[in-house]
There are 2 protein chains.
Amino acid sequence: MATVNRQITLASRPVGFPKVSDFHLVFSPLPSPVAGEVLVRSVYLSLDPYMRGRMSEAESYAQPVAIGEVMPGGAVAFVLESAHPEFRSGDAVEGMLGWQEYAVVQGHELRKIEPSSAPISTALGVLGMPGLTAYFGLLDICDPQPGETVVVSGAAGAVGSLAGQIAKIKGCRVVGVAGSDAKIAWLLDELGFDAALNYKTAEDFDGKLEKLCPAGVDVYFDNVGGAITDAVVRLINVKARISVCGQISQYNLEEPEVGPRWLGQLIVKQAKVQGFLVSGYAERLPEGLKQLAIWLKQGKLKYREDVAQGIEAAPQAFIGMLQGKNQGKQLVQLSEF
Amino acid sequence: MATVNRQITLASRPVGFPKVSDFHLVFSPLPSPVAGEVLVRSVYLSLDPYMRGRMSEAESYAQPVAIGEVMPGGAVAFVLESAHPEFRSGDAVEGMLGWQEYAVVQGHELRKIEPSSAPISTALGVLGMPGLTAYFGLLDICDPQPGETVVVSGAAGAVGSLAGQIAKIKGCRVVGVAGSDAKIAWLLDELGFDAALNYKTAEDFDGKLEKLCPAGVDVYFDNVGGAITDAVVRLINVKARISVCGQISQYNLEEPEVGPRWLGQLIVKQAKVQGFLVSGYAERLPEGLKQLAIWLKQGKLKYREDVAQGIEAAPQAFIGMLQGKNQGKQLVQLSEF
């Protein structure tokens, strides 16, 4: 066993887009678990847009990461050494293990996973936080009905691609917005979206989106915000439901952006906009995981992964994800499975 | 009986704030009711902010008023002549009778009112559309709980003053935002609001509002929009509920306004924003009217009225209301009761 833990810490708070120099790679001694704790070795680290918010000083739903602190993040891992009665060496687990190769955490903070039922990386995707986020954010907030038009922004992302597929399972007409032709092709050819639009290259984005939504928009699952959301809001139908999952277009701005005010449209359309965190559904996670696992087994949920290699690759992979360069769920492989 | 009906029609679509020259006073022959119809003479005409939207060409939840058409509006009236089995001469009624002294309407479009139980003008206020708007917009969308902080914008208006009082009945701490010191005094001294703030004169409005909401904001009932709403949104608590009833700050702008984007705040606070129209509660109106009448009889709901005299005064009174000059529900008296 190694005696050194390689970690990525926050070196400085980013101004606008993060740079690799905002991170440090540090070497730490391997910690030992005390009673109730478990030492794990991570296999896959998950990189997610929410992490950008944690790098900023502004108060959010979670404390900001301190300068010099290990970056937070979910990971799947194997237990190396357990001082907790419910875990033993070799168990596969998922938890908030951080951007590091090894971690010592409280046993109660870990979720056991079953490597024989699905690839362990799915615990960070369709059978993990992104899947649950799509499941509750779409179904609980928007209750999509057969035949309704559902628009998803960030549609090729880990969450958006699942939200769109769940809407298809519910019998909706699904329109995805994404940022590359390769992503558009994936949505249409592999995931069965009814229509998809590249916001980076479309001339007259608003007009094109309107053409793709001839019956208006009943449900909008928003990962992006900004001008894409403004365009969708213009098309909403009476009693539309908007689930606000992310606002990635706004996370890296040096100055906050202004935009058209559209609360009047919510009145006219008697429409709802609701923000959510998957942590708000903590008590219902088993329900979500069970249903997602069934759909995955039935072949109704597809996913792909973009896997960077080695902890030292995490900062650049994270920045690439914020720029939309990843093709599928962004992971970093930290050890062999 | 007069043989001439005086009416106010839309002469031209306003640019920005309406002017009196955007209206015409016209004289028409008195119509006669045919089978199923009723001829009524109006006593009070209600002037409401939503009418500004109907003067614009833009599509909304209702058709725009055509140039030359009588302005729409609710009124209380007495039946002069009935060709409908359920109405007879002398009945007091409420309905969408328009800005005119007489109207012929379908009987099924009228609601009978009981002049002995409350002043007939209340059918345009606490026991009418404004009361029902406050009732459903606050209770159905926001479900305020005892001890929660509720902010109301347009708090001295016909709807806002009732929304705030209903929140008080529910045991909330209520903070009103209004546009004159006389309105602020009324909210504090007569209606029992816990705090109130004059947005037109407050220096550092945001800071003052924050001081008046030391425990943050759980519920926001918005009649105004714009910078007031931006300030409230910065203060919302986790699981806050925002009911969007009106956006009067935006109705008379020549150019649409931009403002800060705050969907990210909805995510962080897992908060909901919902627009509504009272017409969306058509099936539940009896429930609302019953409860409002009980509270009114118990002295728990107070109101005041600002009454202009004569149909010819309606345009100026309407413009004054849009500017916040009215003290209480704006009515126009069209005949003696």
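The values are calculated or read from the model by the stated rules, or taken from the named source; none is laboratory data. The structure presented is a predicted model; accordingly, all values stated were derived computationally and were not measured. Positions of Cβ are generated from backbone atoms using ideal geometry, with glycine treated the same way; all protein chains shown enter the neighbour counts.
Of the residues A:LEU110, A:LEU127, A:LEU138, the single one that is touching a Gly at 6+ places or on another chain (Cβ under 7 Å) and in contact (Cβ under 8 Å) with a residue 40 or more places away in the chain is A:LEU110. Scanning the stretch B:1-37 for residues that are surrounded by fewer than 19 Cβ atoms within 10 Å (Cβ to Cβ) and in a strand (DSSP E or B) yields B:VAL4, B:ARG6, B:HIS24, B:LEU25, B:VAL26, B:PHE27, B:SER28, B:PRO29.
Selection of first residues in the stretch A:83-103 that are without any contact (Cβ under 8 Å) to a residue 60 or more places away in the chain and in a loop (DSSP other than H, G, I, E, B) and of second residues that are surrounded by fewer than 22 Cβ atoms within 10 Å (Cβ to Cβ) and of a type in the set (Phe, Trp, Tyr), restricted to Cβ pairs under 9 Å at least 6 apart or on distinct chains, gives the following pairs, ordered by first then second residue: A:SER89/A:PHE78; A:GLY90/A:PHE78; A:ASP91/A:PHE78. Within the stretch A:141-177, being without any contact (Cβ under 8 Å) to a residue 40 or more places away in the chain and at positive phi holds for A:GLY147, A:GLY171. Note on the stretch B:200-231: residues that are in a loop (DSSP other than H, G, I, E, B) and either among the polar types (S, T, N, Q) or in contact (Cβ under 8 Å) with a residue 24 or more places away in the chain (or both) total 7.
What about B:LEU285, is it away from chain A (no Cβ under 12 Å) and buried (at least 22 other Cβ atoms within 10 Å of the Cβ)? No. When the criteria are applied in full, B:TYR303 fails the requirement of being touching a residue at least 60 places away in the same chain (Cβ under 8 Å) and within 12 Å of chain A (Cβ to nearest Cβ). The condition of being modelled with pLDDT of 95 or more and of a type in the set (A, V, I, L, M, F, W, C) holds for only one of B:PHE27, B:PHE17, that being B:PHE27. Considering every residue within the stretch B:179-199, establish whether at least one is under 22 Å from B:TYR50 (Cα atoms), within 8 Å of chain A (Cβ to nearest Cβ) and touching a residue at least 24 places away in the same chain (Cβ under 8 Å). No, the stretch B:179-199 contains no residue that is under 22 Å from B:TYR50 (Cα atoms), within 8 Å of chain A (Cβ to nearest Cβ) and touching a residue at least 24 places away in the same chain (Cβ under 8 Å). For the stretch A:166-199, the set of residues classified as assigned to a helix (DSSP H, G or I) and under 21 Å from A:ALA227 (Cβ atoms) consists of A:ASP181, A:LYS183, A:ILE184, A:LEU187, listed by residue number.
Among the residues of this structure, B:VAL40 counts as one that is more than 14 Å from chain A (Cβ to nearest Cβ) and assigned to a strand (DSSP E or B).
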